[in-house]
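I have placed the structure first, in the form of structure tokens, so that the comments after it can refer back to it.
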2 protein chains.
Amino acid sequence: MSNEQIQKAIDFVQQNKDTIVAGYKELLHFPSISADPAYADDIKACAEWIVSELTRIGFDNAHVIATDGHPVVYADWLHAGDDKPTVLVYSHYDVQPVDPLHLWHSEPFEAEVRDGRLYARGATDNKAGVWGNLKTFEAMLASSGELPLNVKVMFEGEEESGSPNMQPFVESHQEMLRADVMLNGDGGFHRTEPRMAYAGRGIISAEVYVKGPKADLHSGMFGGVVQNPLHVAAQIIASFHDSDGRVTLSGYYDDVQAIDEVERDRINSGWQADRNEEIAGVPLAWGRGIASDAERAMVYPTLDVNGMWGGYQGPGGKTIIPSEANIKITMRLVPGQNLGSIAESLIDHVESFATDTVNVEVKVNQEGWPFKMVMDGPYLEAVQSALEATTGHRATLVRTGGSIPILGMFNRLFDMPITGYSYGEGDNIHSPNEYVELDAFFLALEGGIRAYHNLSAISK
Amino acid sequence: MSNEQIQKAIDFVQQNKDTIVAGYKELLHFPSISADPAYADDIKACAEWIVSELTRIGFDNAHVIATDGHPVVYADWLHAGDDKPTVLVYSHYDVQPVDPLHLWHSEPFEAEVRDGRLYARGATDNKAGVWGNLKTFEAMLASSGELPLNVKVMFEGEEESGSPNMQPFVESHQEMLRADVMLNGDGGFHRTEPRMAYAGRGIISAEVYVKGPKADLHSGMFGGVVQNPLHVAAQIIASFHDSDGRVTLSGYYDDVQAIDEVERDRINSGWQADRNEEIAGVPLAWGRGIASDAERAMVYPTLDVNGMWGGYQGPGGKTIIPSEANIKITMRLVPGQNLGSIAESLIDHVESFATDTVNVEVKVNQEGWPFKMVMDGPYLEAVQSALEATTGHRATLVRTGGSIPILGMFNRLFDMPITGYSYGEGDNIHSPNEYVELDAFFLALEGGIRAYHNLSAISK
């Protein structure tokens, strides 16, 4: 009986809390900082340690897969039978850098329990996802000798540095990664107010180089006869938006997916206007002719110049026509938009500003596709009912203006539905004194056990 | 007899060449660099040395006048009689910095003669003007005991740093400086191809500060809802010119003085298209719908952004909406334009871009008025015929796109006509190995003697 198996797995968690924390600390001991090449060997050692844990608890085929960047951990347990669904479980084992170190109250890679919290870099983001899934699976395997469904595990090692090598990895391992549903473990578990980001924006970044005279020129001698690259750069930037704030690139909004009333209400009611205005220090008034604040922040694509410079920046003045100007741009794109055609549209738009006297170059990087998880249906319901049974609350579905590159890649390459279940509840991710609440973590393990059992009941 | 006096003065020059060079070297020994406060005492010592020379050769009332910056040297000789005109002689005794020092072949303040050239910082710009006038006056005073006209001497000490304190000085010494004609000595003497800049542009400089959110914001969270200060800065810059290159500030061209056919021909025929295009490395094609290249460079006012920056400038990307953006602007203004009303027009124009969410501040400095010297009449003819008698050539009149702040101040405050006579013929001004051609300098002294005699013949 399923309920009996669930209870036995929950009992296993209750009886092994000390061991679970001890293993957590071991995992947190690896300084798996993906942004700094100096930690490449630590990342690899961390991946191999996870492989050995997966093998120990009963997974098959556990191994480290090299990429041009940091390795991926893969393992599977496919003995539930062909009538049971297969779930692909995603989390990442790399972590953010620890600077500024002097603000930490304990060593970032010597995990320490204080007041029921486990402090260490990665304790929530996202070793909670790695360890939570591992302990959920171990609880079920150790107490029942089996899992209720087929499982593939994929733990990434470079999420915190923008997943630069994951696109070719996913493209070349499509058969291995194929499943009925993907379960994203990179997020937060919040007992009293669970939230789930069901959609996020993609990113295209670009640099524009505007080059004019061969050197800075005296503006008294050449003012009026030599075109100023800063003026052209400004024209380019000014041309990106109309007076309402709409992006003017050709075809920019063509593929933006409309949202229905339910989603619109959800997005607008979840918008924290006061908090956001407090952070910004200005009214969130730009583009109000387009849509509500919440919808502009999450449903609509954007284009922002992140940096721009050229000419003299020091004290006083310098009477020059500068030789060149530079622009850094990022666009946040939403589900439905095609990065390739948007990138082309940007290039065409910017290059049209070139003249006989000013050269304009554009370099575009497609950094990540927008993602969308399921918003209803049995997979989401499996997670929601597990959360409700465990915490008394169902998750509020939210959009995020941010990006999760791997999910965008899966949306694009697979027809696989994606939902999420996360284990970490804490704070200070990407900051000093990151921690996870241990009581919440144990509760999340119970929820995870229920979620996998619920998923196993979905007919393929 | 005037001709006899001229010859006696010329004989004095011929017989005292070694003494003249020795004194030149003494003057060049003072490191009178006005831009660097470390040389303030050297500048003062230089001014006092010039005062003692003026006194020695017979000038009255020679003294140093303190300003909020570097001092002015004043002296006069007013014994020619009320029927003779009074000339105000201008030059500057301060010099440019000497960097890069390692490119000098001899010490910049240890003047050295090589191949008939005297090498030192300031040898041409503009201690040639100071020393040339002093030796011309000494030649006349020593050989005849008198000057043919009334003379006031004003030598400035901060021309090379933009004359920041001369406006209040000139305003508060109007009676002392009043004369029938001003003779500018800051220029070049060129035996075979004399040129005289009869008009130059003025300068207004401005800084614009565009301030948005209280800190850099995450573009994923706030893209689309917070106005980006870089976008507004770009709109401001893009709005300064129409598609033909005309400046769009209200009333900008209203007071620009039209030029007649003679001046137009002169300007266009004197334009060195190949040389300028070689320096720029691009075609001089900007704004060709407005006027010819030469006229745009010299007759029309301009507005250039000299520097602009905001946000992230490092390698890679940073997904931010920057908190602020900055713009540095200079306008080159032409005779007729009023700096005050142009400055107001700029402020109104830029401030109109402020919104509820982006604050726009403008700081404007009126750095120098455009100037115009006489283009015909007896004062110019006095100089031209002296040049012709001395070199066989009359000076070509040219406009310059650059600025001479002091002349603009005099144009504005006095009704006094201005013309010019210069003594320095050399090269590398503002660069290493500045020099003056000694033979040309001695010839220029003869021309100076003739010029003052010609001026003395003009009836008041």
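Throughout, read-outs are computed from the coordinates displayed, never taken from laboratory work. Because the structure is a prediction, the values reported are computed rather than measured. Every residue, glycine as well, gets a Cβ built from its backbone with ideal geometry; the counts of neighbours run over all protein chains shown.
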Between the helical axis of A:229-239 and the dominant principal axis of chain A, each derived from Cα atoms, what acute angle in degrees is found, rounded to the nearest 10?
-> 60
Of all DSSP beta bridges in the stretch B:58-158, what percent run antiparallel (nearest 5)?
-> 65
39 Å tail of the calculated P(r), chain B, as % of Cα pairs = 29
Where both partners of a DSSP beta bridge lie in chain A, what percent of those bridges are antiparallel, to the nearest 5?
-> 70
Percent antiparallel among DSSP beta bridges confined to the protein assembly as shown, rounded to 5, stands at 70
Show which lysines lie in cross-link reach of B:Lys84 when reach means a straight Cα distance below 19 angstrom and same-chain residues fewer than eight apart are skipped.
-> B:Lys152, B:Lys460
Which aspartates and glutamates, on any chain, are close to B:Lys25 with Cα under 13 Å apart, when same-chain ones fewer than 8 places away are left out?
-> B:Glu107, B:Glu110, B:Glu112
Assuming R0 = 30 Å, can you tell me the calculated FRET efficiency for the pair B:Asp356 and A:Tyr253, based on Cβ-Cβ distance, to the nearest 0.05?
-> 0.75
Taking Cα pairs under 8 Å and at least six residues apart, what relative contact order does chain B come out at, in percent?
-> 25
What net charge do the residues around B:Trp49 carry, taking every other residue with its C-beta under 11 Å from that of B:Trp49, with Lys and Arg at +1 and Asp and Glu at -1?
-> -2
Gyration tensor (Cα) of the stretch B:237-393, equivalent ellipsoid semi-axes in angstrom | 39, 20, 15
Under a cut-off of 15 Å between alpha-carbon atoms, report the aspartates and glutamates in cross-link reach of B:Lys8, not counting same-chain residues fewer than 8 places apart.
-> B:Glu138, B:Glu146, B:Glu446
Dipole moment magnitude, nearest 20 debye, the protein assembly as shown about Cα centre, only Lys, Arg, Asp, Glu C-beta charged | 540
Restricting to Cα pairs under 8 Å and 6 or more apart, the percent relative contact order of the stretch A:184-256 works out to 16
Taking chain B as the reference, fit the longest principal axis to its C-alpha atoms, fit the long axis of helix B:339-351 to the helix C-alpha atoms, and give the angle between the two in degrees, 0 to 90, nearest 10.
-> 10
Which net charge results for the neighbourhood of B:Met221, defined as the other residues with beta-carbon distances under 11 angstrom from its beta-carbon, given Lys and Arg at +1 and Asp and Glu at -1?
-> +3
Taking the Cα centre of chain B as origin, sum charge times position over the Cβ atoms of Lys and Arg (+1) and Asp and Glu (-1), and report the length of that vector in debye to the nearest 20.
-> 460
For the stretch B:204-283, listing chymotrypsin sites (Phe, Trp or Tyr not before Pro) in a DSSP loop whose Cβ sees at most 14 other Cβ atoms within 10 Å gives B:Tyr253
So what is the relative contact order of the stretch A:61-195, in percent, for Cα pairs below 8 Å that sit 6 or more residues apart?
-> 41
Provide a whole-number value for the mean count of partner chain Cβ atoms within 10 Å of the Cβ atoms in peptide B:287-297.
-> 3
Note: B:231-242 gets an average of partner chain Cβ contacts (10 Å, Cβ to Cβ) equal to 6
Total charge of the residues flanking B:Gly368 in space, meaning their Cβ is under 15 Å from its Cβ, with Lys and Arg +1 and Asp and Glu -1, is -3
What is the Cα centroid distance between the stretch A:393-439 and the stretch A:217-253, reported in whole angstrom?
-> 39
Rounded Å value of the spacing that divides the Cα centres of the stretch A:32-89 and the stretch A:282-361 | 39
For the stretch A:265-329, what is the charge dipole size about the Cα centre, in debye to the nearest 20, if Lys and Arg each add +1 at the Cβ and Asp and Glu each add -1 at the Cβ?
-> 240
